[in-house]
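Notes follow once the structure below has been shown.
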Amino acid sequence: MTASSPHLAKTLGTDYDRPASLDNPRAPRARKGGNFEKYAWLFMRFSGLALIILTIGHMFIMLAWDNGVHRIDAPFVAARWKEPFWQIWDLTMLWLAQLHGGNGVRTVIADYSRKDSTRFWLNVLLGISMILVLVLGTYALLTFDVTSVN
């Protein structure tokens, strides 16, 4: 038996459950850096639930209520987005959908990219595209004016 054997370790009183250190390199290392993946996982669940509520409400209001899609035109959208309630509703839907989808794509990139450099550049492209969509979508929603359409 060698000194690294678990049976001999018990006999000799070696404690392999201690935190990792220089004298105990086999012990599991404590992760530093927090619980990002845990919070990302929780975000996916809660944002998914919120998105279900927001999108079903959006679809009902826009498609089923008061003559449906036939009433939707630029003046209708401009009138809707002048009200803070609808701006917050649609901004929340935009931001949650973008962050939820981006987090999902980030997970797919992490799962399927083989090289670290590929993973890095795909995540950079994902981040740039997410920022671009969020900035342009927020700008369009907050500054939409029907006079610019006519």
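Listed values, structure above:
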{"item": "Unique residue being among the aliphatic types (A, V, I, L, M) and at pLDDT 95 or above when the list is Leu42, Leu142", "result": "Leu42"}
{"item": "Exclusive hit being farther than 29 Å from Glu37 by Cβ and surrounded by 11 or more Cβ atoms within 10 Å (Cβ to Cβ), set Ala64, Ala97, Ala110, Ala74", "result": "Ala74"}
{"item": "Of all residues making up region 48-100, the number that are part of a loop (DSSP other than H, G, I, E, B) and not hydrophobic (A, V, I, L, M, F, W, C)", "result": "5"}
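Residue by residue, here is whether (1) of a type outside the set (A, V, I, L, M, F, W, C); (2) assigned to a helix (DSSP H, G or I) holds:
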{"site": "Ile109", "(1), (2)": "no, yes"}
{"site": "Arg114", "(1), (2)": "yes, no"}
{"site": "Thr118", "(1), (2)": "yes, yes"}
{"site": "Leu122", "(1), (2)": "no, yes"}
{"site": "Leu126", "(1), (2)": "no, yes"}
{"site": "Ser129", "(1), (2)": "yes, yes"}
{"site": "Val133", "(1), (2)": "no, yes"}
{"site": "Leu136", "(1), (2)": "no, yes"}
{"site": "Ala140", "(1), (2)": "no, yes"}
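The values are calculated or read from the model by the stated rules, or taken from the named source; none is laboratory data. What you see is a predicted model, and the numbers here were worked out from it, not measured in a lab. So basically every Cβ, Gly included, is an ideal-geometry build from the backbone, and we count neighbours across all protein chains shown.
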